[in-house]
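Following: one structure in C-alpha coordinates, then a few remarks.
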Amino acid sequence: MSGQSEQVERMSETVETSAPASAPALAALLLRFRAFVALIVIMALFAFLSPAFLTWSNIITVLVQSSINGLLAIGMTFVIVSGGIDLSVGSIAGLCGMIVGALIDVGLPVPFLGVVIYPHAWAAVAIALAAGALIGAINGFVITRMKVAPFIATLGMLYIARGIALLSNNGSTFPFLDGHKALGNQGFPWLGNGLLLHIPVPIWLLVIASVVATGIAERTKFGRHVYAIGGNERAAALSGVRVLAVRARVYVISGVLAALAGIVIAAQLDSAGAAAGTGYELNAIAAAVLGGTSLMGGKGTIGGSVIGALVIAVLVDGLILLGVSDFWQMIITGFVIVLAVAIDQVQFRGVRMPWGRRRGKEVTP
(Lines give C-alpha, C1' and ligand atoms only; values in the text may rest on other atoms or scores of the structure.)
Protein backbone atom coordinates (compact mmCIF):
# COMPACT_ATOMS: atom_id res chain seq x y z
CA MET A 1 0.00 0.00 0.00
CA SER A 2 2.81 2.35 0.84
CA GLY A 3 4.40 1.71 -2.58
CA GLN A 4 1.13 2.47 -4.36
CA SER A 5 0.67 5.68 -2.37
CA GLU A 6 4.19 6.81 -3.27
CA GLN A 7 3.50 6.12 -6.95
CA VAL A 8 0.25 8.11 -6.78
CA GLU A 9 2.11 11.02 -5.16
CA ARG A 10 4.77 11.00 -7.90
CA MET A 11 2.07 10.96 -10.61
CA SER A 12 0.27 13.89 -8.99
CA GLU A 13 3.52 15.83 -8.78
CA THR A 14 4.15 15.16 -12.48
CA VAL A 15 0.68 16.42 -13.39
CA GLU A 16 1.12 19.55 -11.24
CA THR A 17 4.48 20.41 -12.85
CA SER A 18 3.46 19.62 -16.43
CA ALA A 19 0.13 21.47 -16.40
CA PRO A 20 1.60 24.97 -15.99
CA ALA A 21 4.39 24.12 -18.42
CA SER A 22 1.84 23.74 -21.22
CA ALA A 23 0.74 27.36 -20.77
CA PRO A 24 4.00 28.89 -22.07
CA ALA A 25 3.93 26.49 -25.02
CA LEU A 26 0.38 27.53 -25.89
CA ALA A 27 1.23 31.21 -25.49
CA ALA A 28 4.27 30.83 -27.71
CA LEU A 29 2.22 29.03 -30.35
CA LEU A 30 -0.46 31.72 -30.36
CA LEU A 31 2.14 34.50 -30.52
CA ARG A 32 4.01 32.80 -33.33
CA PHE A 33 0.88 32.37 -35.47
CA ARG A 34 -0.94 35.46 -34.21
CA ALA A 35 -1.48 36.91 -37.70
CA PHE A 36 -3.10 33.73 -38.95
CA VAL A 37 -5.23 33.42 -35.81
CA ALA A 38 -6.29 37.07 -36.14
CA LEU A 39 -7.15 36.53 -39.81
CA ILE A 40 -9.39 33.54 -39.03
CA VAL A 41 -11.11 35.31 -36.14
CA ILE A 42 -11.77 38.49 -38.13
CA MET A 43 -13.03 36.55 -41.14
CA ALA A 44 -15.36 34.48 -38.96
CA LEU A 45 -16.69 37.64 -37.29
CA PHE A 46 -17.40 39.47 -40.55
CA ALA A 47 -18.87 36.33 -42.15
CA PHE A 48 -21.32 36.19 -39.24
CA LEU A 49 -22.15 39.90 -39.42
CA SER A 50 -22.38 40.26 -43.21
CA PRO A 51 -23.65 37.56 -45.62
CA ALA A 52 -21.85 39.32 -48.49
CA PHE A 53 -18.41 38.88 -46.92
CA LEU A 54 -17.67 35.30 -47.97
CA THR A 55 -18.90 35.67 -51.54
CA TRP A 56 -16.39 34.86 -54.29
CA SER A 57 -16.40 38.40 -55.68
CA ASN A 58 -15.69 39.92 -52.28
CA ILE A 59 -12.89 37.47 -51.53
CA ILE A 60 -11.24 38.32 -54.84
CA THR A 61 -11.67 42.02 -54.04
CA VAL A 62 -9.94 41.54 -50.68
CA LEU A 63 -7.07 39.62 -52.27
CA VAL A 64 -6.57 42.28 -54.93
CA GLN A 65 -6.64 45.04 -52.30
CA SER A 66 -4.07 43.19 -50.21
CA SER A 67 -1.72 42.69 -53.18
CA ILE A 68 -0.34 46.24 -53.01
CA ASN A 69 0.33 46.19 -49.27
CA GLY A 70 1.60 42.64 -49.61
CA LEU A 71 4.25 43.61 -52.17
CA LEU A 72 5.36 46.55 -50.03
CA ALA A 73 5.33 44.41 -46.88
CA ILE A 74 7.61 41.79 -48.46
CA GLY A 75 10.28 44.36 -49.17
CA MET A 76 9.74 45.96 -45.76
CA THR A 77 10.24 42.58 -44.10
CA PHE A 78 13.76 42.25 -45.51
CA VAL A 79 14.56 45.76 -44.33
CA ILE A 80 13.15 45.39 -40.82
CA VAL A 81 14.66 41.93 -40.31
CA SER A 82 18.06 43.42 -41.14
CA GLY A 83 17.54 46.02 -38.41
CA GLY A 84 16.48 48.95 -40.60
CA ILE A 85 13.34 50.77 -41.72
CA ASP A 86 12.21 52.18 -45.08
CA LEU A 87 9.79 55.10 -45.01
CA SER A 88 10.22 55.89 -48.70
CA VAL A 89 8.35 52.93 -50.24
CA GLY A 90 5.09 54.84 -50.72
CA SER A 91 6.84 57.69 -52.52
CA ILE A 92 8.88 55.25 -54.62
CA ALA A 93 5.62 53.61 -55.67
CA GLY A 94 4.17 56.97 -56.69
CA LEU A 95 7.30 58.05 -58.59
CA CYS A 96 7.69 54.77 -60.48
CA GLY A 97 4.02 54.87 -61.44
CA MET A 98 4.62 58.35 -62.86
CA ILE A 99 7.65 57.06 -64.78
CA VAL A 100 5.53 54.42 -66.49
CA GLY A 101 2.80 56.95 -67.13
CA ALA A 102 5.22 59.40 -68.72
CA LEU A 103 6.81 56.76 -70.94
CA ILE A 104 3.46 55.50 -72.21
CA ASP A 105 1.59 58.80 -72.40
CA VAL A 106 4.17 61.31 -73.65
CA GLY A 107 7.11 59.09 -74.56
CA LEU A 108 10.82 59.71 -74.16
CA PRO A 109 12.01 62.78 -76.10
CA VAL A 110 15.45 62.64 -77.75
CA PRO A 111 16.22 66.32 -78.45
CA PHE A 112 19.39 65.89 -80.51
CA LEU A 113 17.55 63.54 -82.89
CA GLY A 114 14.32 65.49 -82.86
CA VAL A 115 12.26 62.38 -82.15
CA VAL A 116 10.13 60.96 -79.35
CA ILE A 117 10.55 57.30 -78.42
CA TYR A 118 7.49 55.40 -77.18
CA PRO A 119 8.80 52.24 -75.54
CA HIS A 120 6.72 49.09 -75.38
CA ALA A 121 4.63 48.79 -72.22
CA TRP A 122 6.86 46.01 -70.87
CA ALA A 123 9.95 48.09 -71.55
CA ALA A 124 8.37 50.96 -69.61
CA VAL A 125 7.69 48.56 -66.72
CA ALA A 126 11.30 47.38 -66.78
CA ILE A 127 12.56 50.98 -66.70
CA ALA A 128 10.32 51.78 -63.73
CA LEU A 129 11.56 48.71 -61.86
CA ALA A 130 15.14 49.77 -62.58
CA ALA A 131 14.31 53.23 -61.21
CA GLY A 132 13.00 51.63 -58.02
CA ALA A 133 16.19 49.59 -57.70
CA LEU A 134 18.27 52.75 -58.21
CA ILE A 135 16.40 54.66 -55.51
CA GLY A 136 16.78 51.70 -53.17
CA ALA A 137 20.50 51.61 -53.94
CA ILE A 138 20.76 55.32 -53.09
CA ASN A 139 19.02 54.64 -49.77
CA GLY A 140 21.44 51.81 -49.09
CA PHE A 141 24.47 53.94 -49.98
CA VAL A 142 23.39 56.82 -47.74
CA ILE A 143 22.69 54.46 -44.84
CA THR A 144 25.76 52.20 -45.11
CA ARG A 145 28.44 54.51 -46.48
CA MET A 146 27.39 57.91 -45.21
CA LYS A 147 26.27 56.45 -41.87
CA VAL A 148 22.89 58.20 -41.87
CA ALA A 149 20.26 56.56 -39.68
CA PRO A 150 17.75 54.55 -41.78
CA PHE A 151 14.81 56.51 -40.38
CA ILE A 152 16.32 59.85 -41.44
CA ALA A 153 17.71 58.66 -44.79
CA THR A 154 14.46 57.09 -45.96
CA LEU A 155 12.38 59.95 -44.57
CA GLY A 156 14.44 62.32 -46.70
CA MET A 157 13.96 60.05 -49.73
CA LEU A 158 10.22 60.04 -49.05
CA TYR A 159 10.14 63.79 -49.68
CA ILE A 160 12.63 63.72 -52.56
CA ALA A 161 10.81 60.98 -54.49
CA ARG A 162 7.42 62.56 -53.90
CA GLY A 163 8.72 65.95 -55.02
CA ILE A 164 10.19 64.49 -58.22
CA ALA A 165 6.89 62.73 -58.90
CA LEU A 166 5.02 66.03 -58.54
CA LEU A 167 7.51 67.89 -60.72
CA SER A 168 7.39 65.27 -63.47
CA ASN A 169 4.03 66.56 -64.69
CA ASN A 170 3.52 69.69 -62.59
CA GLY A 171 1.32 67.80 -60.14
CA SER A 172 -1.01 66.49 -62.84
CA THR A 173 -1.75 62.88 -63.66
CA PHE A 174 -0.94 60.89 -66.78
CA PRO A 175 -4.42 59.66 -67.78
CA PHE A 176 -5.47 56.85 -70.08
CA LEU A 177 -2.46 54.55 -70.12
CA ASP A 178 -3.98 52.20 -72.68
CA GLY A 179 -1.32 53.18 -75.18
CA HIS A 180 -1.78 53.36 -78.95
CA LYS A 181 -1.76 50.50 -81.41
CA ALA A 182 0.22 52.53 -83.93
CA LEU A 183 2.94 53.14 -81.33
CA GLY A 184 3.05 49.53 -80.13
CA ASN A 185 2.79 50.42 -76.45
CA GLN A 186 -0.53 48.81 -75.52
CA GLY A 187 -1.21 46.25 -72.81
CA PHE A 188 -0.18 48.06 -69.64
CA PRO A 189 -3.60 48.06 -67.82
CA TRP A 190 -3.58 44.24 -67.97
CA LEU A 191 -1.16 44.23 -65.03
CA GLY A 192 -3.80 45.79 -62.82
CA ASN A 193 -7.09 44.54 -64.26
CA GLY A 194 -6.25 41.48 -66.36
CA LEU A 195 -7.08 37.87 -65.55
CA LEU A 196 -4.84 34.82 -65.70
CA LEU A 197 -6.65 31.50 -65.24
CA HIS A 198 -9.64 33.55 -64.01
CA ILE A 199 -7.53 35.07 -61.21
CA PRO A 200 -6.61 38.79 -61.28
CA VAL A 201 -2.99 39.46 -62.25
CA PRO A 202 -2.14 41.44 -59.05
CA ILE A 203 -2.85 38.32 -56.99
CA TRP A 204 -0.48 36.29 -59.19
CA LEU A 205 2.19 38.97 -58.80
CA LEU A 206 1.86 38.79 -55.01
CA VAL A 207 2.06 34.98 -55.06
CA ILE A 208 5.15 34.99 -57.29
CA ALA A 209 6.85 37.70 -55.22
CA SER A 210 6.06 35.78 -52.02
CA VAL A 211 7.48 32.51 -53.34
CA VAL A 212 10.65 34.14 -54.67
CA ALA A 213 11.17 36.21 -51.52
CA THR A 214 10.61 33.18 -49.28
CA GLY A 215 13.17 31.24 -51.30
CA ILE A 216 15.68 34.07 -50.93
CA ALA A 217 15.04 34.46 -47.20
CA GLU A 218 15.12 30.77 -46.29
CA ARG A 219 17.23 29.05 -48.94
CA THR A 220 20.09 31.41 -49.75
CA LYS A 221 23.23 32.60 -47.99
CA PHE A 222 22.06 36.17 -48.47
CA GLY A 223 18.82 35.45 -46.57
CA ARG A 224 20.68 33.87 -43.67
CA HIS A 225 22.99 36.87 -43.54
CA VAL A 226 20.02 39.25 -43.38
CA TYR A 227 18.71 37.47 -40.29
CA ALA A 228 22.18 37.28 -38.77
CA ILE A 229 22.72 41.03 -39.14
CA GLY A 230 19.36 41.85 -37.60
CA GLY A 231 19.94 39.45 -34.72
CA ASN A 232 23.47 40.55 -33.84
CA GLU A 233 25.33 42.78 -36.26
CA ARG A 234 28.67 42.57 -34.48
CA ALA A 235 28.59 38.79 -34.27
CA ALA A 236 27.63 38.61 -37.95
CA ALA A 237 30.56 40.85 -38.92
CA LEU A 238 32.99 38.76 -36.85
CA SER A 239 31.75 35.63 -38.59
CA GLY A 240 32.61 37.05 -42.00
CA VAL A 241 29.30 38.52 -43.13
CA ARG A 242 29.67 41.59 -45.37
CA VAL A 243 27.30 43.67 -43.29
CA LEU A 244 27.32 46.85 -45.36
CA ALA A 245 26.79 45.05 -48.67
CA VAL A 246 23.94 42.91 -47.35
CA ARG A 247 22.25 45.86 -45.69
CA ALA A 248 22.48 47.92 -48.90
CA ARG A 249 20.91 45.12 -50.94
CA VAL A 250 17.82 44.86 -48.76
CA TYR A 251 16.99 48.46 -49.67
CA VAL A 252 17.36 47.60 -53.35
CA ILE A 253 14.87 44.74 -52.87
CA SER A 254 12.51 47.09 -51.07
CA GLY A 255 12.84 49.66 -53.86
CA VAL A 256 12.08 47.13 -56.61
CA LEU A 257 8.98 45.81 -54.84
CA ALA A 258 7.80 49.36 -54.11
CA ALA A 259 8.20 50.15 -57.81
CA LEU A 260 6.18 47.04 -58.71
CA ALA A 261 3.45 48.13 -56.29
CA GLY A 262 3.36 51.57 -57.91
CA ILE A 263 3.14 50.00 -61.36
CA VAL A 264 0.19 47.86 -60.27
CA ILE A 265 -1.57 50.90 -58.79
CA ALA A 266 -1.17 52.82 -62.07
CA ALA A 267 -2.37 49.81 -64.07
CA GLN A 268 -5.44 49.37 -61.86
CA LEU A 269 -6.40 53.02 -62.21
CA ASP A 270 -5.33 53.24 -65.88
CA SER A 271 -3.65 56.50 -64.89
CA ALA A 272 -0.59 57.61 -62.97
CA GLY A 273 -0.88 60.18 -60.21
CA ALA A 274 1.93 61.74 -58.19
CA ALA A 275 -0.03 61.24 -54.96
CA ALA A 276 -0.35 57.49 -55.45
CA GLY A 277 1.07 55.46 -52.58
CA THR A 278 0.80 58.24 -50.02
CA GLY A 279 0.91 56.72 -46.54
CA TYR A 280 1.44 53.20 -47.86
CA GLU A 281 4.75 52.92 -46.03
CA LEU A 282 2.83 52.82 -42.75
CA ASN A 283 0.57 50.05 -44.06
CA ALA A 284 3.63 48.06 -45.12
CA ILE A 285 5.23 48.39 -41.69
CA ALA A 286 1.93 47.50 -40.02
CA ALA A 287 1.50 44.39 -42.20
CA ALA A 288 5.03 43.21 -41.45
CA VAL A 289 4.64 43.73 -37.69
CA LEU A 290 1.21 42.09 -37.66
CA GLY A 291 2.81 39.13 -39.41
CA GLY A 292 5.37 38.67 -36.67
CA THR A 293 8.32 40.69 -37.94
CA SER A 294 10.11 42.19 -34.95
CA LEU A 295 10.93 45.88 -35.10
CA MET A 296 14.10 44.98 -33.20
CA GLY A 297 15.33 43.00 -36.19
CA GLY A 298 16.41 39.42 -36.68
CA LYS A 299 12.95 37.84 -36.74
CA GLY A 300 10.16 37.66 -39.28
CA THR A 301 8.80 35.69 -42.22
CA ILE A 302 7.58 36.60 -45.68
CA GLY A 303 4.46 34.50 -45.27
CA GLY A 304 3.64 36.19 -41.99
CA SER A 305 3.90 39.65 -43.57
CA VAL A 306 1.61 38.64 -46.44
CA ILE A 307 -0.93 37.35 -43.91
CA GLY A 308 -0.54 40.66 -42.07
CA ALA A 309 -1.44 42.49 -45.29
CA LEU A 310 -4.47 40.21 -45.63
CA VAL A 311 -5.54 41.03 -42.06
CA ILE A 312 -5.52 44.76 -42.85
CA ALA A 313 -7.40 44.24 -46.14
CA VAL A 314 -10.01 41.99 -44.51
CA LEU A 315 -10.46 44.44 -41.65
CA VAL A 316 -11.02 47.40 -43.97
CA ASP A 317 -13.29 45.43 -46.32
CA GLY A 318 -15.42 44.07 -43.47
CA LEU A 319 -15.85 47.49 -41.90
CA ILE A 320 -16.93 48.90 -45.25
CA LEU A 321 -19.51 46.12 -45.70
CA LEU A 322 -20.88 46.89 -42.23
CA GLY A 323 -21.20 50.57 -43.13
CA VAL A 324 -18.66 51.76 -40.57
CA SER A 325 -17.50 55.31 -41.27
CA ASP A 326 -14.00 56.06 -42.52
CA PHE A 327 -13.18 57.77 -39.24
CA TRP A 328 -13.93 54.67 -37.18
CA GLN A 329 -12.01 52.57 -39.72
CA MET A 330 -8.92 54.65 -39.04
CA ILE A 331 -9.35 54.31 -35.27
CA ILE A 332 -9.85 50.54 -35.38
CA THR A 333 -6.98 49.98 -37.81
CA GLY A 334 -4.70 52.13 -35.65
CA PHE A 335 -5.69 50.18 -32.56
CA VAL A 336 -4.83 46.89 -34.27
CA ILE A 337 -1.42 48.24 -35.30
CA VAL A 338 -0.63 49.44 -31.76
CA LEU A 339 -1.71 46.08 -30.38
CA ALA A 340 0.58 44.27 -32.82
CA VAL A 341 3.57 46.41 -31.81
CA ALA A 342 2.75 45.87 -28.13
CA ILE A 343 2.77 42.10 -28.66
CA ASP A 344 6.11 42.42 -30.45
CA GLN A 345 7.51 44.24 -27.42
CA VAL A 346 6.17 41.53 -25.12
CA GLN A 347 8.02 38.92 -27.14
CA PHE A 348 11.26 40.88 -27.28
CA ARG A 349 11.53 42.21 -23.73
CA GLY A 350 9.76 39.46 -21.83
CA VAL A 351 7.03 39.94 -19.25
CA ARG A 352 5.96 38.38 -15.98
CA MET A 353 3.67 35.61 -17.09
CA PRO A 354 0.61 34.54 -15.04
CA TRP A 355 2.28 31.23 -14.22
CA GLY A 356 5.14 33.03 -12.49
CA ARG A 357 8.00 32.47 -14.94
CA ARG A 358 9.81 35.30 -16.70
CA ARG A 359 10.49 34.72 -20.34
CA GLY A 360 13.56 35.93 -22.18
CA LYS A 361 13.74 38.01 -25.29
CA GLU A 362 11.25 35.80 -27.09
CA VAL A 363 8.45 33.65 -25.75
CA THR A 364 9.37 30.15 -26.83
CA PRO A 365 8.19 26.71 -25.75
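The values are calculated or read from the model by the stated rules, or taken from the named source; none is laboratory data. All of these numbers come straight from a predicted model, not from anything done at the bench. Cβ placement follows ideal geometry from the backbone for every residue including glycine, while neighbour counts extend to all protein chains displayed. Ligands, DNA and RNA are excluded from the accessible area calculation, which covers all protein heavy atoms including side chains. Shrake-Rupley method; radii C 1.70, N 1.55, O 1.52, S 1.80 Å.
Among the residues in segment 78-93, are any more than 30 Å from GLY230 (Cβ to Cβ) and buried (at least 24 other Cβ atoms within 10 Å of the Cβ)? No; the residues of segment 78-93 include none that is more than 30 Å from GLY230 (Cβ to Cβ) and buried (at least 24 other Cβ atoms within 10 Å of the Cβ). Here the condition is being under 30 Å from LYS299 (Cβ atoms), open to solvent by less than 70 Å² (accessible area, probe 1.4 Å), not acidic (Asp, Glu) and not in a helix (DSSP H, G or I); of VAL142, VAL148, it holds for VAL148 alone. Does LEU205 satisfy the condition of being in contact (Cβ under 8 Å) with a residue 40 or more places away in the chain, assigned to a helix (DSSP H, G or I), surrounded by fewer than 16 Cβ atoms within 10 Å (Cβ to Cβ) and touching a Ser or Thr at 6+ places or on another chain (Cβ under 8 Å)? No.
Are there any pairs with C-beta distances below 7 angstrom linking a residue in segment 219-234 that is of a type in the set (A, V, I, L, M) to a residue that is surrounded by 17 or more Cβ atoms within 10 Å (Cβ to Cβ) and not in a helix (DSSP H, G or I), with the two at least 6 apart or on different chains, and if so which? From segment 219-234, the pairs are VAL226/SER82; ALA228/VAL241; ILE229/SER82; ILE229/GLY83; ILE229/VAL241.
Checking each residue in segment 270-289 for being open to solvent by 20 Å² or more (accessible area, probe 1.4 Å), of a type in the set (A, V, I, L, M, F, W, C) and either farther than 20 Å from GLY192 by Cα or out of contact with any Gly (no Cβ under 7 Å at 6 or more places or on another chain) (or both) picks out LEU282, ILE285. Summed over segment 266-300, residues that are under 15 Å from the mean Cα position of the chain (by Cα), closer than 30 Å to GLY107 by Cβ and small (Gly, Ala, Ser) total 1.
Looking at segment 75-114 only, could you name the residues that are part of a loop (DSSP other than H, G, I, E, B), touching a helix residue (DSSP H, G or I) at 6+ places or on another chain (Cβ under 7 Å) and not small (Gly, Ala, Ser)? Across segment 75-114, the qualifying residues are ILE85, ASP86, LEU87.
Take the conditions (1) touching a Phe, Trp or Tyr at 6+ places or on another chain (Cβ under 8 Å); (2) modelled with pLDDT under 90; LEU290 misses just one of them, which is (1). Could you please let me know if ASP344 is within 29 Å of ASN232 (Cα to Cα), modelled with pLDDT of 60 or more and open to solvent by less than 50 Å² (accessible area, probe 1.4 Å)? Judged against the criteria, ASP344 is a match. Among the candidates GLY230, GLY192, the residue that is within 25 Å of the chain's Cα centre (by Cα), within 23 Å of ILE285 (Cβ to Cβ) and modelled with pLDDT under 95 is uniquely GLY230. The residue that is surrounded by the fewest Cβ atoms within 10 Å (Cβ to Cβ), counting only those in segment 222-240 that are within 24 Å of ILE135 (Cα to Cα) and of a type outside the set (Gly, Ala, Ser), is PHE222.
Out of LEU39, LEU31, LEU103, LEU72, report the one residue that is open to solvent by less than 80 Å² (accessible area, probe 1.4 Å), at pLDDT 95 or above and hydrophobic (A, V, I, L, M, F, W, C).
LEU72
Identify all residues within segment 151-162 that are open to solvent by 40 Å² or more (accessible area, probe 1.4 Å) and within 16 Å of ALA137 (Cβ to Cβ); write none if there are none. Matches in segment 151-162: ILE160 only. Scan segment 163-192 for residues that are assigned to a helix (DSSP H, G or I) and open to solvent by less than 40 Å² (accessible area, probe 1.4 Å) and the total you get is 4.
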